[in-house]
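The values are calculated or read from the model by the stated rules, or taken from the named source; none is laboratory data. Everything numeric here is computed off the predicted structure, so don't read it as measured data. Neighbour counts run over all protein chains shown; Cβ positions are idealised from the backbone, glycine included.
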Amino acid sequence: MNEAGSAIPPYSLTMTPRNQILLLTAGALALYLLVRLLPTGPSLNHMDFRMEGKGALEFCDPANPQFIPVVQVRSPIALTLKPDREPVRGQEVKFILTMRTASGKPIGPEDLLVAHTRKLHLLAVDPTLSDYQHLHPEPGRRAGEWVFTMTPERAGLYRVFADFTPAATARGLYGVVEFTVPGSVAVVTRSPNSTWQGAGRFNFELVMPPVLRAGQAADLVFRIQSQGAVKQPVPLQPVMGAFAHLVAFDEARSGFAHLHPMETDLSKPPDALRPELNFKVTIPAPGRYAIWAQVNLGGTEVFAPFWVDVLP
């Protein structure tokens, strides 16, 4: 009741036309801002990754593994690498990798497809081919920026190969960038080897043809087994969507070959006591190569190096 004794009318939900317009405008603005924050599709097209003329890097077919001479050809992408401080041997350093097309357009996560569980793979290797690291950057704060950390174990000029698949082409593409770790580069002499025992209680073996020749397709067999007379199960688990990966570098680090096993069905793991995986590769030029195997043993990633000679 009011002072005059009359009842106070209940609050009315009726809005004036002006208030209705303001409410609709605010809702539309909020919806617009929300849409702007949602992930967008690829901003690049097929021509952004195309280069014409002699010496241009061609798109690669993942079903036809081969050695990619990344350094010797012109790539349709430009890479720059910026560390947060001077890299030091044995110390972790943070890098910002910037990826752009040749025309300067940034390459972000929306422009790449997932390949082997990741949108971007980096393959970093030192001058002696003794320190190989497989890295997976995450998108940075600015368009075209990708962030990762690594601990270089050697001195000298590191080469970092980028391996990715543009959404506009659905074909593998590559690039290269470098950084330097101060210090004297070690002189490393390697002899060809088909076995490696540097991972605790397991032996690693890479079976190759008696003669590996340039330009000829070759079959490789990768095996793992426990050491000792009584064989124990090998806790082999998938890594990046495969039971193993092989990466081959030439001594000049002019490029690489990233190989995946022919056994692609992860629901059918190889023999537990002696897992065996088959690979194919064609290496175009003769010389000495380092082939690094990467596996997941019980949740721990292991890298096993093999040195091979490719004859003319």
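Does at least one position in the stretch 122-132 carry a residue that is within 19 Å of Ile77 (Cα to Cα) and of a type outside the set (Gly, Ala, Ser)? Spell out how you get there, then give the answer.
If we filter the stretch 122-132 for residues that are within 19 Å of Ile77 (Cα to Cα), which is where we start, we get 122-124.
Filter again for of a type outside the set (Gly, Ala, Ser), leaving 122-123.
Yes, the stretch 122-132 contains at least one residue that is within 19 Å of Ile77 (Cα to Cα) and of a type outside the set (Gly, Ala, Ser).
Give me the residue from the stretch 282-301 that is surrounded by 20 or more Cβ atoms within 10 Å (Cβ to Cβ) and among the β-branched types (Val, Ile, Thr) and, out of that set, farthest from His134 (Cα to Cα). Even if it seems obvious, please write down each step before you answer.
Going residue by residue through the stretch 282-301, those that are surrounded by 20 or more Cβ atoms within 10 Å (Cβ to Cβ) are 283, 289-293, 295.
Now restrict to residues that are among the β-branched types (Val, Ile, Thr): 283, 291, 295.
On the way: Ile283: 21, Ile291: 13, Val295: 12 Å.
Looking at the filtered set, the residue picked out is Ile283.
Among (1) within 23 Å of Val114 (Cα to Cα); (2) surrounded by 15 or more Cβ atoms within 10 Å (Cβ to Cβ), which single condition is Trp307 missing?
(1)
Residues that are of a type in the set (D, E, K, R): list the strands (runs of 3 or more DSSP E) wholly contained in the stretch 167-230 that include at least 1 such residues.
Numbers: elements: 173-181, 195-199, 202-207, 217-226.
Those strands (runs of 3 or more DSSP E) span 173-181, 202-207, 217-226.
Return the residues of the stretch 90-115 that are loosely packed, with under 14 Cβ neighbours inside 10 Å and over 15 Å from the mean Cα position of the chain (by Cα); say none if nothing qualifies.
Scanning the stretch 90-115 gives Gly90, Gln91, Glu92, Lys94, Ser103, Gly104.
Mind checking whether some residue in the stretch 176-192 is surrounded by 12 or more Cβ atoms within 10 Å (Cβ to Cβ) and under 27 Å from Ser226 (Cβ atoms)?
Yes: the stretch 176-192 contains one or more residues that are surrounded by 12 or more Cβ atoms within 10 Å (Cβ to Cβ) and under 27 Å from Ser226 (Cβ atoms).
Considering only the stretch 96-146, state which residues are outside any loop (DSSP other than H, G, I, E, B) and β-branched (Val, Ile, Thr).
Passing the criteria: Ile96, Thr98, Thr101, Val125.
Could you please find all residues in the stretch 112-144 being out of contact with any Lys or Arg (no Cβ under 9 Å at 6 or more places or on another chain) and acidic (Asp, Glu)?
Residue satisfying the conditions is Glu138 alone.
Exactly one of these conditions fails for Lys82: (1) more than 26 Å from Ile291 (Cβ to Cβ); (2) modelled with pLDDT of 95 or more; (3) touching an Asp or Glu at 6+ places or on another chain (Cβ under 8 Å); (4) not hydrophobic (A, V, I, L, M, F, W, C). Give me its number.
Here Lys82 meets the rest and fails (3).
Could you check how many residues of the stretch 67-85 are touching a strand residue (DSSP E or B) at 6+ places or on another chain (Cβ under 8 Å) and either crowded, with 16+ Cβ neighbours inside 10 Å or touching a residue at least 24 places away in the same chain (Cβ under 8 Å) (or both)? So that I can check it myself, show each step before the final result.
From the stretch 67-85, those touching a strand residue (DSSP E or B) at 6+ places or on another chain (Cβ under 8 Å) are 67-68, 70-71, 73-85; that's our starting set.
Remaining after also requiring either crowded, with 16+ Cβ neighbours inside 10 Å or touching a residue at least 24 places away in the same chain (Cβ under 8 Å) (or both): 67-68, 70-71, 73, 75-81, 83.
Of the residues in the stretch 67-85, 13 are touching a strand residue (DSSP E or B) at 6+ places or on another chain (Cβ under 8 Å) and either crowded, with 16+ Cβ neighbours inside 10 Å or touching a residue at least 24 places away in the same chain (Cβ under 8 Å) (or both).
Would you call Asp265 under 18 Å from Phe204 (Cα atoms), charged (D, E, K, R) and in a loop (DSSP other than H, G, I, E, B)? Talk me through it step by step, then tell me what you get.
Values: under 18 Å from Phe204 (Cα atoms): no; charged (D, E, K, R): yes; in a loop (DSSP other than H, G, I, E, B): yes.
The answer is no for Asp265.
Given Arg141, Arg171, Arg159, which one is assigned by TED's automatic domain parsing to the domain that holds Glu86, charged (D, E, K, R) and exposed (fewer than 13 other Cβ atoms within 10 Å of the Cβ)?
Values: Arg171 fails: exposed (fewer than 13 other Cβ atoms within 10 Å of the Cβ); Arg159 fails: exposed (fewer than 13 other Cβ atoms within 10 Å of the Cβ).
So the residue among Arg141, Arg171, Arg159 that is assigned by TED's automatic domain parsing to the domain that holds Glu86, charged (D, E, K, R) and exposed (fewer than 13 other Cβ atoms within 10 Å of the Cβ) is Arg141.
Hey, could you check the stretch 241-261 for residues that are touching a strand residue (DSSP E or B) at 6+ places or on another chain (Cβ under 7 Å) and small (Gly, Ala, Ser) and say which is surrounded by the fewest Cβ atoms within 10 Å (Cβ to Cβ)? Walk me through it before giving the result.
Initially, the stretch 241-261 is screened for residues touching a strand residue (DSSP E or B) at 6+ places or on another chain (Cβ under 7 Å), giving 243-251, 253, 255-261.
Next, only the ones that are small (Gly, Ala, Ser) stay: 244, 248, 255, 257.
On the way: Ala244: 25, Ala248: 22, Gly255: 23, Ala257: 20.
Filtering the stretch 241-261 for residues that are touching a strand residue (DSSP E or B) at 6+ places or on another chain (Cβ under 7 Å) and small (Gly, Ala, Ser), the one surrounded by the fewest Cβ atoms within 10 Å (Cβ to Cβ) comes out as Ala257.
Could you tell me whether any residue of the stretch 207-226 is assigned by TED's automatic domain parsing to the domain that holds Asp271, among the acidic types (Asp, Glu) and at pLDDT 95 or above? Walk me through how you get there before you give the answer.
First, pick out the residues of the stretch 207-226 that are assigned by TED's automatic domain parsing to the domain that holds Asp271: 207-226.
Narrowing the set further to residues that are among the acidic types (Asp, Glu) leaves 219.
Subset that is at pLDDT 95 or above: 219.
The answer is yes; a qualifying residue exists.
State yes or no: is Pro238 in the same structural domain as Ile283 (by TED's automatic domain parsing) and either buried (at least 18 other Cβ atoms within 10 Å of the Cβ) or within 26 Å of the chain's Cα centre (by Cα) (or both)? Even if it seems obvious, please write down each step before you answer.
Numbers: in the same structural domain as Ile283 (by TED's automatic domain parsing): yes; either buried (at least 18 other Cβ atoms within 10 Å of the Cβ) or within 26 Å of the chain's Cα centre (by Cα) (or both): yes.
The answer is yes for Pro238.
Looking at Pro192, Pro210, Pro182, Pro166, can you tell me which residue is of a type outside the set (A, V, I, L, M) and without any contact (Cβ under 8 Å) to a residue 24 or more places away in the chain? Even if it seems obvious, please write down each step before you answer.
Values: Pro192 fails: without any contact (Cβ under 8 Å) to a residue 24 or more places away in the chain; Pro182 fails: without any contact (Cβ under 8 Å) to a residue 24 or more places away in the chain; Pro166 fails: without any contact (Cβ under 8 Å) to a residue 24 or more places away in the chain.
After applying the criteria, what remains is Pro210.
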